[in-house]
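All remarks here apply to the structure that follows.
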Amino acid sequence: MTTTHDAAGLARLVDHTLLKPEATVADVQALVEEAARLGVYSICISPSFLPVDTSAAPGLHVATVCGFPSGKHHSDVKAAEAARSVRDGADEVDMVIDVGAAREGRYDAVEADIAAVRAATPGDVVLKVIIESAALSDDQIVAVCQAAERAGADFVKTSTGFHPAGGATVHAVELMAQTVGGRLGVKASGGIRTAADAVAMVDAGATRLGLSGTAAVLAGLEADAGY
């Protein structure tokens with residue numbers, strides 16, 4: 001078993017996520033406390049919860065979303081949202097592209113949208129680009145990943161977890177990883193609910209995982225390892 005396939009190693013790849021519309025401040029504080037217990041890399045929360053008190057989890061990174069979940073926001077609005085999130089303490093921003101533009105083949109527009117958010121965030125802030133891979137063809141996935149790289153993104157990410165077409169698949173992660181060739185990270189998110197799902201995504205090339213049921217996934221990995 002490799003380092004990333006034991007529970008502690010896998011936890012260090014996880015953005016422990018809470019993006020439900022009905023989430024409360026108390027829910028977010030519980031998320032931080034659980035993040036500390038599980039040893040995850042970061043939490044991912046809605047921008048309205050920033051700034052967030054992470055004193056219970058020293059070293060925990062904070063990610064937020066931008067243009068979420070539809071991506072159908074003007075680029076200057078996405079840029080302003082990202083800039084405010086950074087001022088409010090976000091270390092990482094996960095932005096949603098205009099999926100319709102990608103489906104129409106308007107990759108220049110997709111690139112410009114990403115570039116606008118990149119320009120609004122300092123270089124040390126990690127920018128992840130959510131492409132909704134389940135709603136795109138293979139050719140569209142490749143083209144969008146290439147646009148994200150040209151625009152200065154740090155990661156490409158499969159899904160919001162809110163699209164009816166579905167979330168992450170092994171095939172999409174493999175294709176995205178092949179396209180970015182290690183120059184960008186690949187985040188798998190949406191529908192990853194078991195240890196087997198998580199391990200399959202890492203084996204396919206994911207370098208980060210977005211999980212809302214993190215505790216169950218890690219517990220399953222421990223059980224599989226006979227801990």
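The values are calculated or read from the model by the stated rules, or taken from the named source; none is laboratory data. These numbers come from a predicted model, not from an experiment. Cβ: placed from backbone, ideal geometry, glycine included. Neighbour counts: every protein chain shown. Only protein heavy atoms, including side chains, enter the accessible area calculation; ligands, DNA and RNA are left aside. Shrake-Rupley method; radii C 1.70, N 1.55, O 1.52, S 1.80 Å.
Structure data summary
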{"item": "From Gly161, Gly167, Gly182, Gly190, residue being open to solvent by less than 30 Å² (accessible area, probe 1.4 Å) and on the phi > 0 side of the Ramachandran plot", "result": "Gly190"}
{"item": "Selected residue [part of a helix (DSSP H, G or I), surrounded by 13 or more Cβ atoms within 10 Å (Cβ to Cβ) and in contact (Cβ under 8 Å) with a residue 24 or more places away in the chain] from Ala35, Ala23, Ala57", "result": "Ala35"}
{"item": "Flag for Ser48 being within 16 Å of Val129 (Cα to Cα) and open to solvent by 40 Å² or more (accessible area, probe 1.4 Å)", "result": "no"}
{"item": "Check on Glu222, under 18 Å from Val126 (Cα atoms), assigned to a helix (DSSP H, G or I) and of a type in the set (D, E, K, R)", "result": "no"}
{"item": "Count of the stretch 38-75 residues which are polar (S, T, N, Q) and over 15 Å from Ala23 (Cβ atoms)", "result": "5"}
{"item": "Pair list, Cβ < 8 Å and 6+ apart or interchain, from the stretch 77-100 residues that are aromatic (Phe, Trp, Tyr) to residues that are open to solvent by 20 Å² or more (accessible area, probe 1.4 Å)", "result": "none"}
{"item": "Selection count where residues are open to solvent by 30 Å² or more (accessible area, probe 1.4 Å) and within 16 Å of Val14 (Cβ to Cβ), scope the stretch 204-227", "result": "7"}
{"item": "Selection within the stretch 77-98 - open to solvent by less than 10 Å² (accessible area, probe 1.4 Å), closer than 24 Å to Leu60 by Cα and in a helix (DSSP H, G or I)", "result": "Ala82, Ser85"}
